[in-house]
Amino acid sequence: MVTDAGTSPGSHARDPRSDPEAMAALVARAQAGDDKAFEELVNATHVETYTLARRLTGDDDDARDVVQEAYLRAYRSIGRFRGEARFSTWMYRITANCASTQLGRRRRHRHEELAEDLVVVDTRPELDPVAQADASDLRTRVAAALEELPPKLRAVVVLRDVYDLPHEAIAAELGISESAAKVRLHRARRKVKERLFPAREPGERPDGEDH
């Protein structure tokens, strides 16, 4: 049965955050000029977009500016979105680009502060920068280690190891070569591991006591 609105019963309840078809339908409507549909896309992806912006910038105010600019760019270019990736992934890429611009703008005027309340976006072992460790035990330390990275290294490791974006996408959005992205990723991972697992002196036990 089809309702007067032309949709099947219950279709209005489909959540685009967990329903790719519902998300694709919203994108199609937004591309056709439906501002309400774009507003729904914003509502469906805002939390993830802000979380990424906050992680990349390390600052609440900068993150809000990045999110605003990211959605403005998305609105202007929604017609060029071809659906090769999910809309949320497309937003990750735009957000990364905006964050890079924002950090460059603010670099000379402010220092970054360690955010003690930052949490890992996705703690699945295969996506965590320290996959061999128990994410639940190291969540706070991982967050602190990522915050201590220089912005250009943090951006690459977060986009690759947390959001699982491919090297070519990261390179394109950050305006660097793919080889540079891989080099930065290697350096970032090494620094995170050094921060989490500092080298011990020869003969020193894990608890700090000598043999």
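The values are calculated or read from the model by the stated rules, or taken from the named source; none is laboratory data. Just so you know, these numbers come straight off a predicted model, no measurement behind them. Every residue, glycine as well, gets a Cβ built from its backbone with ideal geometry; the counts of neighbours run over all protein chains shown. Protein only, heavy atoms only, side chains kept; ligands, DNA and RNA dropped before computing areas. Shrake-Rupley method; radii C 1.70, N 1.55, O 1.52, S 1.80 Å.
Taking only pairs six or more apart or across chains, which ones have beta-carbon atoms under 6 Å, a first residue in segment 158-172 that is closer than 15 Å to Val192 by Cα and touching a residue at least 60 places away in the same chain (Cβ under 8 Å), and a second residue that is open to solvent by 20 Å² or more (accessible area, probe 1.4 Å) and among the β-branched types (Val, Ile, Thr)? Taking only residues 6 or more apart or on different chains, the pairs are Val162/Val121. Which residue pairs have Cβ atoms under 6 Å apart, sit 6 or more places apart or on different chains, and have a first residue in segment 45-65 that is at positive phi and a second that is surrounded by 19 or more Cβ atoms within 10 Å (Cβ to Cβ) and in a helix (DSSP H, G or I)? Listed pairs, sorted by first residue: none to list. Of all the listed residues (Gly175, Gly104), the sole one being closer than 21 Å to Asp65 by Cα, modelled with pLDDT of 80 or more and surrounded by fewer than 15 Cβ atoms within 10 Å (Cβ to Cβ) is Gly175.
Hey, does segment 108-128 have a residue that's over 17 Å from the mean Cα position of the chain (by Cα), closer than 19 Å to Val67 by Cβ and at pLDDT below 80? Quick ask: steps written out before the conclusion?
Quick first cut of segment 108-128, residues over 17 Å from the mean Cα position of the chain (by Cα) only: 108-114, 116.
So of that shortlist, the ones also closer than 19 Å to Val67 by Cβ come out as 110, 112.
Of the ones still in play, those that are also at pLDDT below 80 are 110, 112.
Yes, segment 108-128 contains at least one residue that is over 17 Å from the mean Cα position of the chain (by Cα), closer than 19 Å to Val67 by Cβ and at pLDDT below 80.
Kindly indicate whether any position in segment 136-154 is modelled with pLDDT under 50, part of a helix (DSSP H, G or I) and open to solvent by less than 60 Å² (accessible area, probe 1.4 Å). Checked against the condition, which is being modelled with pLDDT under 50, part of a helix (DSSP H, G or I) and open to solvent by less than 60 Å² (accessible area, probe 1.4 Å), segment 136-154 yields no hits at all.
For segment 54-71, the condition of being in a helix (DSSP H, G or I), surrounded by fewer than 20 Cβ atoms within 10 Å (Cβ to Cβ) and among the aliphatic types (A, V, I, L, M) holds for none of the residues.
Of all the numbered requirements in (1) surrounded by 14 or more Cβ atoms within 10 Å (Cβ to Cβ); (2) at pLDDT below 90, Met91 misses one, and that requirement is (2).
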